Amino acid sequence: MALRDLRLVCLAPDTVVPPANGSAARTAGLATVVRPHLGNVAIHSFSTRPAPAHRPGGLDVVHIPRPTAGLARARYMAAALLGPTLGFRFPARLDGQRTLVQLESPLLFEAARRAGLGSFVLDAHNVYQDMTEFPQASLRDRVFYRLTRRRQTRMELACWARANHLIFCSPVDRDRAEHLLPGVAAKSTIIPNCVDVGGFVPRPAAAFGRGGPVLFLGTTRYPPNFFAIQEICREVAPALPDVEFRIVGDAIWVPSPVPANVRFLGRVESTAEHLAAAQVAIAPVRHGSGTRLKLLEYFAAGLPVVCTAKAAEGLAVEDGRHVRLVDTPRDLVAAVRALYANAEACAQLGAAGRALVASRYDWQAQVPALLAIYAAHSRE
């Protein structure tokens with residue numbers, strides 16, 4: 001089948017458009033960049049929100065309603081906690097002609113299988129069975145993972161085994177999957193998280209002489225972000241009382257107490273304004289899977305980045321050249337303080353990060369590999 005005749009349907013477990021987290025940004029970015037080369041690209045996601053009225057990036061966006069109240073919500077939660085499909089149910093068959101399905105989560109596999117799933121590609125944003133072992137920010141999530149951990153593990157392994165092809169974010173995730181299910185790596189491709197570099201305006205070198213806040217991008221809905229923000233509020237911001245810290249992203253859970261120099265700005269229409277204003281960007285992330293899209297946004301905006309080795313995992317960064325890597329909150333405080341005292345170092349780090357993301361982590365660079373995957377498996 002010619003690629004111009006192919007319909008790619010990306011199935012996601014949560015809202016993708018507009019992107020409110022790294023997973024959604026990956027799905028949207030990948031779908032948008034391949035859209036000009038295929039007959040049609042659609043994103044079907046489970047959501048409590050109405051689908052956008054327009055076609056962003058030429059994509060067909062369909063929202064599968066997720067109950068929010070009453071008996072329907074109670075039934076959904078019971079199915080999520082106890083049912084074989086984790087509460088997901090597709091309202092239509094997935095075996096259409098000239099269609100290739102791309103699952104954006106292995107946790108959709110059982111629901112998709114019951115809806116007639118044929119050939120499919122898995123875009124493995126994370127290794128989910130590892131994520132179930134992470135600390136959780138809320139009692140609700142702790143209960144959910146305790147009740148579903150084994151089902152998630154079984155479903156992920158079954159999805160890896162059945163997938164015609166797997167896309168991993170990094171060699172780290174691919175190697176971990178190969179350890180858990182030998183043979184997976186042979187039918188996989190690494191497509192790193194990327195950004196549309198042209199959509200970011202790098203901060204001018206002269207702007208670092210004027211100062212600005214420290215920025216963290218991320219929703220507290222994702223536990224590694226919550227604990228990073230908790231560290232900022234409890235250990236980092238109090239040690240730098242004259243520095244403003246801005247947290248941009250859904251603040252579903254907020255650590256307590258919040259220092260006077262920390263501002264939660266919530267979900268924003270665009271991060272451009274906050275990236276442009278920032279003096280330093282940070283990511284004190286200490287657990288997680290996949291790669292951190294926030295770092296790529298920081299780099300694309302030309303900001304100096306201070307982060308943990310875990311936050312930079314899977315990215316081709318060099319300590320001291322592209323980022324400042326730190327181990328402890330005290331190290332993070334010292335690195336931020338040093339950058340605030342050296343505008344030239346800020347500009348140099350920011351320029352090196354921008355050059356790295358432009359050369360290795362722009363979505364356009366991934367188009368040939370993605371089209372090769374789709375061409376190979378649209379015939380199966």
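The values are calculated or read from the model by the stated rules, or taken from the named source; none is laboratory data. All values derive from a computational prediction rather than experimental measurement. Here the Cβ positions follow ideal geometry from the backbone for every residue, glycine too, while neighbour counts run over all protein chains shown. Please note that ligands, DNA and RNA were not included when accessible areas were found on the heavy atoms of the full protein model with its side chains. Shrake-Rupley method; radii C 1.70, N 1.55, O 1.52, S 1.80 Å.
Taking the criterion of being under 18 Å from the mean Cα position of the chain (by Cα), open to solvent by 10 Å² or more (accessible area, probe 1.4 Å) and of a type in the set (Phe, Trp, Tyr), would at least one residue in region 363-376 satisfy it?
Checking region 363-376: at least one residue is under 18 Å from the mean Cα position of the chain (by Cα), open to solvent by 10 Å² or more (accessible area, probe 1.4 Å) and of a type in the set (Phe, Trp, Tyr).
Quick check: is even one residue across region 86-99 farther than 23 Å from Thr148 by Cα, hydrophobic (A, V, I, L, M, F, W, C) and at pLDDT 95 or above?
no
For Gly353, all conditions in the list (1) in contact with a helix residue (DSSP H, G or I) (Cβ under 8 Å, 6 or more places away or on another chain); (2) touching a residue at least 60 places away in the same chain (Cβ under 8 Å) hold save one; what is the number of the exception?
The one condition Gly353 does not meet is (2).
Please name all residue pairs, on different chains or six or more residues apart, with Cβ atoms under 7 Å, provided the first residue is in region 127-138 and is open to solvent by 20 Å² or more (accessible area, probe 1.4 Å) and the second residue is in a loop (DSSP other than H, G, I, E, B).
As it stands, the answer is Asp130/Ser289; Met131/Ser289; Phe134/His287; Ala137/Thr220; Ala137/Trp253, since those pairs meet every condition given.
Out of Pro238, Pro257, which single residue is open to solvent by 30 Å² or more (accessible area, probe 1.4 Å) and modelled with pLDDT of 95 or more? Step through it out loud before you land on a result.
Working: Pro257 fails: modelled with pLDDT of 95 or more.
Being open to solvent by 30 Å² or more (accessible area, probe 1.4 Å) and modelled with pLDDT of 95 or more holds for just one of Pro238, Pro257, which is Pro238.
Report yes if some residue within region 221-235 is open to solvent by less than 30 Å² (accessible area, probe 1.4 Å) and within 24 Å of Ala355 (Cα to Cα); otherwise report no. Step through it out loud before you land on a result.
Let us first name the residues in region 221-235 that are open to solvent by less than 30 Å² (accessible area, probe 1.4 Å), namely 223-226, 228-229, 231-233.
The next check asks that each one be within 24 Å of Ala355 (Cα to Cα); those that pass are none.
No, region 221-235 contains no residue that is open to solvent by less than 30 Å² (accessible area, probe 1.4 Å) and within 24 Å of Ala355 (Cα to Cα).
Considering region 77-89 alone, what residues qualify as being outside any loop (DSSP other than H, G, I, E, B) and over 25 Å from the mean Cα position of the chain (by Cα)? Show your work before the answer.
Quick first cut of region 77-89, residues outside any loop (DSSP other than H, G, I, E, B) only: 77-82.
Across region 77-89, the qualifying residues are Ala78, Ala79, Leu82.
So if I check each of Leu107, Leu81, Leu103, which one is touching a Leu at 6+ places or on another chain (Cβ under 6 Å), among the aliphatic types (A, V, I, L, M) and open to solvent by 40 Å² or more (accessible area, probe 1.4 Å)?
Working: Leu107 fails: open to solvent by 40 Å² or more (accessible area, probe 1.4 Å); Leu103 fails: open to solvent by 40 Å² or more (accessible area, probe 1.4 Å).
Going through Leu107, Leu81, Leu103 in turn, just one is touching a Leu at 6+ places or on another chain (Cβ under 6 Å), among the aliphatic types (A, V, I, L, M) and open to solvent by 40 Å² or more (accessible area, probe 1.4 Å): Leu81.
Please verify whether Gly118 is in contact (Cβ under 8 Å) with a residue 24 or more places away in the chain, on the phi < 0 side of the Ramachandran plot, touching an Asp or Glu at 6+ places or on another chain (Cβ under 6 Å) and open to solvent by 30 Å² or more (accessible area, probe 1.4 Å), treating the condition exactly as stated.
Numbers: in contact (Cβ under 8 Å) with a residue 24 or more places away in the chain: yes; on the phi < 0 side of the Ramachandran plot: yes; touching an Asp or Glu at 6+ places or on another chain (Cβ under 6 Å): yes; open to solvent by 30 Å² or more (accessible area, probe 1.4 Å): yes.
Yes; evaluated as a whole, the condition is true for this residue.
Among the residues of region 295-328, which ones are closer than 25 Å to Gly209 by Cβ and part of a helix (DSSP H, G or I)?
Scanning region 295-328 gives Leu295, Glu297, Tyr298, Phe299, Ala300.
How do the pairs read when you match residues in region 67-93 that are touching a residue at least 24 places away in the same chain (Cβ under 8 Å) with residues anywhere that are acidic (Asp, Glu), using Cβ under 7 Å and keeping only pairs 6 or more apart or on different chains?
Pairs found: Pro84/Glu110; Thr85/Glu110.
Restricting attention to region 158-179, which residues are open to solvent by 50 Å² or more (accessible area, probe 1.4 Å), within 23 Å of His287 (Cβ to Cβ) and not charged (D, E, K, R)? Steps first, please.
Start the filter on region 158-179 by keeping residues that are open to solvent by 50 Å² or more (accessible area, probe 1.4 Å), which leaves 161-162, 171-172, 174-176, 178-179.
Those left that are additionally within 23 Å of His287 (Cβ to Cβ): 171-172, 174-176, 178-179.
Matches in region 158-179: Pro171, Val172, His179.
Assuming Val195 fulfils every condition listed in (1) over 27 Å from Ala79 (Cα atoms); (2) at pLDDT below 95; (3) among the β-branched types (Val, Ile, Thr) apart from one, which condition is it?
With (1) over 27 Å from Ala79 (Cα atoms); (2) at pLDDT below 95; (3) among the β-branched types (Val, Ile, Thr) applied to Val195, the lone miss is (2).
Can you tell me which residues in region 273-295 are surrounded by fewer than 22 Cβ atoms within 10 Å (Cβ to Cβ), within 22 Å of Arg26 (Cβ to Cβ) and at pLDDT 90 or above?
His274, Arg286
One residue is enough: does region 298-311 have a residue meeting the conditions surrounded by fewer than 17 Cβ atoms within 10 Å (Cβ to Cβ) and of a type in the set (Ser, Thr, Tyr)?
no
Within region 164-181, can you find the residues that are small (Gly, Ala, Ser) and more than 17 Å from the chain's Cα centre (by Cα)?
Taking region 164-181 and keeping what is small (Gly, Ala, Ser), we get 170, 177.
Residue satisfying the conditions is Ala177 alone.
On the given criteria, is Ala335 farther than 24 Å from Met131 by Cβ, open to solvent by 50 Å² or more (accessible area, probe 1.4 Å), among the aliphatic types (A, V, I, L, M) and assigned to a helix (DSSP H, G or I)?
Values: farther than 24 Å from Met131 by Cβ: yes; open to solvent by 50 Å² or more (accessible area, probe 1.4 Å): no; among the aliphatic types (A, V, I, L, M): yes; assigned to a helix (DSSP H, G or I): yes.
It is false that Ala335 is farther than 24 Å from Met131 by Cβ, open to solvent by 50 Å² or more (accessible area, probe 1.4 Å), among the aliphatic types (A, V, I, L, M) and assigned to a helix (DSSP H, G or I).
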